[in-house]
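I have placed the structure first, in the form of structure tokens, so that the comments after it can refer back to it.
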Amino acid sequence: MNLHEYQGKEMLNSFGVEIQRGIVAQTPAEAVAAAKKLTEDTGTGWHVIKAQIHAGGRGKGGGVKLAKNLEEVEQIAGQIIGMHLVTPQTSAEGKLVSQVLVTEDVYYPGESEPSEFYISVLMNRATGRNMIMYSTEGGMDIEAVAENTPHLIFNEEIDPTMGLLPFQARKIAFNLGLSGKAFKEMTKFVSALYTAYVKSDSSLFEINPVLKTSDDRVIAVDAKVTIDDNALFRHKDYEVLRDIREENAVEVEAKAVGLSYVDLDGNVGCMVNGAGLAMATMDLIKQAGGEPANFLDVGGTADAERVEIAFNLILKDPSVKAILVNIFGGIVRCDRVAQGIIDAYKSIGTINIPIIVRLEGTNADIAKKLIDESGLDVHSVIEFQEAADKVQELLA
């Protein structure tokens, strides 16, 4: 589950991570009120207006702007709220901005120059350990830094039995070139950040940039936070932070009815029971020259109602040119699935794309007979390779 920047910052701050203070606003008038409040509380004269969407690169699309007075706050907020913001991480249509974060200006003059860093906490899948990735090149695309100057990216792996040790936090501050007060502030920042990551059951924290201010404070100016959905049962207070407006509408609908669905950019819809078989089916489609349009696991209770819901979800995608149903009858009987497909087909009405059905396992022979004698435009197959050949034939 992804969080907005303001939500991620609030979470970090609850664990002792110092943040750039801000107030979320839904309208230009609320943005002006937020700016006034920040001025009273922090003394800031300038404000940064940030679009709140689940995507990075907002500044490149015009979603992050500096306002030097209240008139500019209102004007900029009015421009950003309601716009479809296009960034390198959105589709060509962009994402509708429904709210902005009005923040204090933290790039104020002082005894030293401000410095920007990159810090993220995530799981290293290769080693099965958490790691902190960091760089002196904050404020830039980390992918570009990795490609052009990989020596400027550092990794610190954390022993799960020990947690983040003090010397590791000091090592990070040292590699970032800090000293004195800034060095101490960075070690505290890193320790608090890692504690927040572990205790919130997150799968990603990305702070870009982490700012060393001109008076040597270390604060999070941005926050990208992804919480592990599988751990939400331990964090009921986090569930309310989900913004379904930012999520794929079909995926939200599927989740509401208990289906595992992920939208993809392809032309062959998939309906499968079991995540492993679903992955193999997607590989099969690729091998046959097609592209999977979705990942869809209907689970072990593929009855008529569930199959009909799954069909309707797949058919919402206009790019789907064929549907491959691949069910292994272990717990569920294939003949019941076949009857569910027939009932769902008749209930939906006209389906103008070919449907390939592979039912294998308990009562597979009865299932094939039911499909073949249904009179519907459904292609029944038995073998995996036969399904691949039929997909290739129908897409040709």
Quiz item: Can you find a residue in the stretch 249-259 that is of a type in the set (Asp, Glu), surrounded by fewer than 22 Cβ atoms within 10 Å (Cβ to Cβ) and touching a residue at least 40 places away in the same chain (Cβ under 8 Å)?
Solution: yes
Practice problem: Answer yes or no as to whether LEU324 is hydrophobic (A, V, I, L, M, F, W, C) and closer than 21 Å to VAL262 by Cα. | Solution: yes
Quiz prompt | Residue among LYS68, LYS60 that is in the same structural domain as VAL97 (by TED's automatic domain parsing), in contact with a Phe, Trp or Tyr (Cβ under 8 Å, 6 or more places away or on another chain) and without any contact (Cβ under 8 Å) to a residue 60 or more places away in the chain | solution = LYS68
Exercise. Only one of these is of a type in the set (Asp, Glu) and within 23 Å of VAL332 (Cα to Cα): ASP243, ASP237, ASP297, ASP265. Name it.
Key: ASP297
Quiz item: Among (1) among the β-branched types (Val, Ile, Thr); (2) touching a Gly at 6+ places or on another chain (Cβ under 6 Å); (3) outside any loop (DSSP other than H, G, I, E, B), which single condition is THR87 missing?
Solution: (3)
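The values are calculated or read from the model by the stated rules, or taken from the named source; none is laboratory data. Everything quoted here is computed from the prediction, not taken from an experiment. When we count neighbours, we look across all protein chains shown, and the Cβ atoms used for this are built from the backbone with ideal geometry, even at glycine.
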